[in-house]
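The values are calculated or read from the model by the stated rules, or taken from the named source; none is laboratory data. Treat the numbers as computed from the prediction; the structure is a model and nothing was measured. Here Cβ is always computed from backbone atoms with ideal geometry, including for glycine, and neighbour counts include all displayed protein chains.
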Amino acid sequence: MKSIGTLLTILLCITMPYLCKADHITGGEMYYTYEGFFNGMHTYNVTLKFYMRCNSGRSFNNPTVVSIFDKASNSRVRDMNVTLTKQETIQISNPDPCITNPPLVCYEVGYYNFSLSLPSSISGYVLASQVNFRIAGINNLQPGYSQIGATYTAEIPGTGLVDNGPTNNSARFIGSDLVVVCANNNFAYSFAAEDKDGDRLRYSFCNAYRSGITAGGNSPSPTVNPPFQEVPYGGGFAGTNPLGTPTVNPNTGLISGIAPSEGAYVVTVCVEEIRNGRVIAVQRKDVQINIAPCQVAGAILDPEYQLCRDTKSISIVNRSTSSLIHTQDWFIENSTGQQIFASRAMALNHTFQDTGLYTIKLIINLNETCSDSTSALIRVYPGFKPDFTFSGICLNKPTVFRDASTAVYGSVNAWDWDFGDFANPNDIASSTNNPSYTYPSIGERVAQLIVGNSNGCVDTITKLVGIMDKPPINVSFDDTLICIKDNVQLQAEGTGTFSWAPAVTLTNANTSNPIASPKQNTLFIVTLNDNGCINQDTVLVRVTDKVALQVMGDSTVCQGDVIQLRCISDAFTYSWSPAATLNDASLASPSAVTFNTTTYSLTASIGSCSSTGQVTITPIPYPTISAGPDDRICYGTTTQLAAQTNGNSIKWSPAETLSNSNILNPIANPLSPTAYIAMATDNKGCPKPSYDTVLVDVIPDIAATAGRDTAVIIGQPLQLNASPGAVYIWSPGLGLSSTSISNPVATYEAPSDGIRYRLLIFNEEGCVDSAFITIKVFTTKPSVFVPTAFTPNGDSKNDLLRPIAVGIKSIEAFYVYNRWGQLVFSTTENGKGWDGKINGKLQPSSSYVWMVKATDYTGKSFIEKGTTTLIQ
């Protein structure tokens, strides 16, 4: 039972046959054989081949159209309707089990065989046939061109290239189209061709042609006239690199390298037929290569490896990276078949001990299912260096190329030149060692030499050849001045024959570097003739009998400083003396450093003519300055700075802590270590100041403390505590256990309204600071005094309600309550009180109850309560 899709395809082909024409072609080519000369016409048997994927549901055009054009004028000669001669299916029926995820490779091939008779032509012919659409989704074209058309061509040379051009048999591609190419894997795809005439074949990637059919056209139609439009490549691809990095071997037509990502890619290979060093025809094969998501387990090597440059070491890896490869065995044999190396490693690394021809053998998966083997040649002949030179770069004049290649082993014996003139259909290749070529237009060309030697080494070198309408000429100078007594050598560079004019004052006027001896200003004209290609340039030689010189006036400089000597002159050379204090006595404006008054003499010369001049430089010493010795002072004290200078002014900085910053000996009162900088100036000729620095170190503040004022009762010992220091002096000594320690104990036998003690504390450097403490002595028992009234009006008098402890060791609690029994204040600190506010709001005048709980100095508990009045 046929599927719905198949039935739909059949129905469409019956009802709308134009939809089933050749609009999804995957490739094509055209070739011919020469049949003979009959009735004044050259007869050819021509074959046009189209490729289409199997089961596409479409058919080949029958008939299709082949157009013939004059190769020189691009004019149409005729259009021919040719019928489909044969159709066959080619496919890989048994996929290789050693390919993971193998794709279906199957094509329908349509053959159009026909006879073509043409008269002899000087320019030759181009045969062309076009199709409406390629396959959809081609990766290396710009988006939006997924089904662009195609044009396939063949060329018949004329007698203008070679006498027997019309009897040519075209090159015919013979490489298999049943090739599996796996994405991101090494691959090899042969576009090899054969030529019955024995012409040398040279292969290259080239641009694929699109069709000239307008959008919507479906019926076969004649090809548009040449030049044919190229397909729009995209994604970084081009006709010269349709697959990215893979390359085509110019000698074998083998495409090899690492395949790009999965998809379909347009690939066109051009093969040039070269006869007697001239390209007589270019044949093309254009296919869409399908790259599949697969991997091949194979032993894949390049056909040949060459160690012909500068090393005998080689590193080779299997070009297959399949996961089905488990082992790899490498062997190297010399030219007699003797094995010299073996390895079971993923890569072959070897250094050859001798030159010669060797064979590499690679076996993968030895004695396993997916076993494979291959071999390759290695030529070990280091020291082969390709090179060439060229001369003559003028338009329509011969450019001569000369091989400069060298070989340590063997001799250079093969040359294949490509002059890079691709826009010229008459570009002539050459296989001689020193060919010449005449470029028909200006511009840059990339000339290429493929060179070989007798040991089979082959290498390539390219160079940029710039073709100009006149030979380049370079003069070393275009304007110069000489002394009337002297001569000057003119200098020019270029390739060709030189001549200078006027020649009357020249010696060797027909060389690139004549000697000129003019007695007056002369404009010399140099002419360069490169095989009839001419260019000119000029050199002005001015003549003088004197040297203009103006030296700077005498000057002063601060002693030890650099001064630049200056002059105005048209001289070429300069000589200053004495030279010992100059950085370069041959400069027009050298730099001088002198400590003594010095007169410098200058001789300025133009050849034999010279002038002299002098300048005197007087060095003036900087003013002397001494800021004095460093000092160290106690915090809060002052010191007097003491500077000395022979200048007429002084200025200190920073000035903020100085009594006067413009005198020699200001008073300094810094509160932290300070570096004072003294700057001295004078008016003796050196305008620059001198500096010196003095450091005043400040010993940190002692910040003496003797404790808070307090009260005790008679007989209560009081422990005093001072801040740290080195020496202590208490006064008076009344009641103290010691007057020279930090923590004496005070004990009193009589009451006092207040004993005021003064404490002096000295540090290690002898700096002193003082503190005071007042002690009241009561005759009562230990008690806590609370005032009966307070006035919190902010006058700093009786503003707080606070407990005053006498003979008390500590206060455990002090509470204040309002008339409703609410707690309005509490503290455990002696002397801390209530300010009459609750939540920041001053309370009204009223009576309040207080209660205190404390411990006296003997350890007994003390509880007392009372009332107080808040007065506003």
*Quickly run through segment 163-176 and pick out the residues that are buried (at least 19 other Cβ atoms within 10 Å of the Cβ) and either of a type in the set (A, V, I, L, M) or modelled with pLDDT under 90 (or both).*
171
_Condition met for residue 314 (assigned by TED's automatic domain parsing to the domain that holds residue 359, of a type outside the set (D, E, K, R), in a loop (DSSP other than H, G, I, E, B) and surrounded by 14 or more Cβ atoms within 10 Å (Cβ to Cβ))_ = no
*Name the pairs: first residue in segment 780-791 and on the phi > 0 side of the Ramachandran plot, second residue among the β-branched types (Val, Ile, Thr) and in a loop (DSSP other than H, G, I, E, B), Cβ to Cβ under 6 Å, at least 6 apart or on different chains?*
none
*Sort out which residues of segment 719-730 are in contact with a Ser or Thr (Cβ under 7 Å, 6 or more places away or on another chain) and in a strand (DSSP E or B), and write them in order of number.*
728, 729, 730
*For residue 175, which of the numbered conditions (1) under 44 Å from the mean Cα position of the chain (by Cα); (2) part of a loop (DSSP other than H, G, I, E, B); (3) not polar (S, T, N, Q) fails to hold?*
(1)
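Test residue 570 against the criterion of being out of contact with any Lys or Arg (no Cβ under 9 Å at 6 or more places or on another chain) and either among the acidic types (Asp, Glu) or at pLDDT 95 or above (or both), and give yes or no.
So residue 570 passes the test.
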*For segment 357-370, name all the residues that are at pLDDT 95 or above and surrounded by fewer than 17 Cβ atoms within 10 Å (Cβ to Cβ).*
357, 359
_Residue pairs meeting the criteria (Cβ under 7 Å; at least 6 apart or on separate chains; first not assigned by TED's automatic domain parsing to the domain that holds residue 555, in segment 576-602; second surrounded by 14 or more Cβ atoms within 10 Å (Cβ to Cβ) and basic (Lys, Arg))_ = none
_Any chance residue 210 is touching a strand residue (DSSP E or B) at 6+ places or on another chain (Cβ under 9 Å), farther than 17 Å from residue 138 by Cβ and touching a residue at least 60 places away in the same chain (Cβ under 8 Å)_ = no
*Subset of segment 54-90 [among the hydroxyl-bearing types (Ser, Thr, Tyr) and touching a Pro at 6+ places or on another chain (Cβ under 9 Å)]*: 59, 64, 67, 83
_Single residue of 325, 280 found to be at pLDDT 95 or above, crowded, with 21+ Cβ neighbours inside 10 Å and among the aliphatic types (A, V, I, L, M)_ = 280
*Working carefully through the options 325, 289, 332, 280, find the one that is more than 35 Å from the chain's Cα centre (by Cα), part of a loop (DSSP other than H, G, I, E, B) and either on the phi < 0 side of the Ramachandran plot or among the hydroxyl-bearing types (Ser, Thr, Tyr) (or both).*
325
*asked:* Of everything in segment 839-856, what is surrounded by fewer than 20 Cβ atoms within 10 Å (Cβ to Cβ) and closer than 15 Å to residue 785 by Cα? Give them in sequence order.
replied: 849, 851, 853, 855
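If you take just the strands (runs of 3 or more DSSP E) that sit entirely in segment 56-144, which of them hold at least 3 residues that are of a type outside the set (D, E, K, R) and within 52 Å of the chain's Cα centre (by Cα)? If you could, list the steps in order and put the result at the bottom.
Details: elements: 64-70, 76-82, 86-91, 106-118, 124-131.
It comes to 106-118, 124-131.
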*Name, by its number, the condition in (1) farther than 30 Å from residue 341 by Cβ; (2) surrounded by 14 or more Cβ atoms within 10 Å (Cβ to Cβ); (3) hydroxyl-bearing (Ser, Thr, Tyr); (4) at pLDDT 90 or above that does not hold for residue 373.*
(1)
*Search result, residues across segment 493-525 that are in contact (Cβ under 8 Å) with a residue 24 or more places away in the chain, within 17 Å of residue 483 (Cβ to Cβ) and part of a strand (DSSP E or B)*: 515, 516
*Within segment 471-492, how many residues are over 26 Å from residue 392 (Cβ atoms) and part of a loop (DSSP other than H, G, I, E, B)?*
5
*Candidate set from segment 178-201 (those that are part of a loop (DSSP other than H, G, I, E, B), hydrophobic (A, V, I, L, M, F, W, C) and modelled with pLDDT of 90 or more); member that is surrounded by the fewest Cβ atoms within 10 Å (Cβ to Cβ)*: 192
_Odd one out for residue 380 among (1) buried (at least 17 other Cβ atoms within 10 Å of the Cβ); (2) among the aliphatic types (A, V, I, L, M); (3) under 30 Å from residue 100 (Cβ atoms)_ = (3)
*asked:* Could you go through segment 831-852 and let me know if any residue there is charged (D, E, K, R) and free of Cβ contacts under 8 Å to residues at least 12 places away in the same chain.
replied: yes
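Can residue 219 be described as of a type in the set (Gly, Ala, Ser), in contact with a strand residue (DSSP E or B) (Cβ under 7 Å, 6 or more places away or on another chain) and either on the phi < 0 side of the Ramachandran plot or not in a loop (DSSP other than H, G, I, E, B) (or both)? Before you say what the answer is, go through the steps one by one.
Values: of a type in the set (Gly, Ala, Ser): yes; in contact with a strand residue (DSSP E or B) (Cβ under 7 Å, 6 or more places away or on another chain): no; either on the phi < 0 side of the Ramachandran plot or not in a loop (DSSP other than H, G, I, E, B) (or both): yes.
Considered against the rule, which asks whether it is of a type in the set (Gly, Ala, Ser), in contact with a strand residue (DSSP E or B) (Cβ under 7 Å, 6 or more places away or on another chain) and either on the phi < 0 side of the Ramachandran plot or not in a loop (DSSP other than H, G, I, E, B) (or both), residue 219 comes out as no.
Going by the structure shown, is residue 345 of a type outside the set (Phe, Trp, Tyr) and either in a strand (DSSP E or B) or at pLDDT 95 or above (or both)?
no
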*Wholly within segment 744-839, which strands (runs of 3 or more DSSP E) include no fewer than the required count, namely at least 3 residues that are more than 19 Å from residue 854 (Cβ to Cβ) and of a type outside the set (Lys, Arg)?*
752-762, 768-778
*For segment 526-568, how many residues meet the condition of being within 47 Å of the chain's Cα centre (by Cα) and either free of Cβ contacts under 8 Å to residues at least 24 places away in the same chain or part of a strand (DSSP E or B) (or both)?*
18
*asked:* Among (1) in a loop (DSSP other than H, G, I, E, B); (2) exposed (fewer than 14 other Cβ atoms within 10 Å of the Cβ), there is one condition residue 693 misses while meeting the rest; what is its number?
replied: (1)
_Residues to consider are 204, 261; find the one that is in the same structural domain as residue 183 (by TED's automatic domain parsing), modelled with pLDDT of 90 or more and assigned to a loop (DSSP other than H, G, I, E, B)._
261
*Determine, yes or no, whether residue 801 is of a type outside the set (Val, Ile, Thr), crowded, with 19+ Cβ neighbours inside 10 Å and farther than 30 Å from residue 741 by Cα.*
yes
_Quick test of your reading of the structure: residue 757 fulfils all but one of (1) of a type in the set (Ser, Thr, Tyr); (2) touching a residue at least 12 places away in the same chain (Cβ under 8 Å); (3) loosely packed, with under 14 Cβ neighbours inside 10 Å. Name the failing condition by number._
(3)
*Restricting attention to segment 107-122, report how many residues are in contact with a Lys or Arg (Cβ under 8 Å, 6 or more places away or on another chain) and surrounded by 15 or more Cβ atoms within 10 Å (Cβ to Cβ).*
6
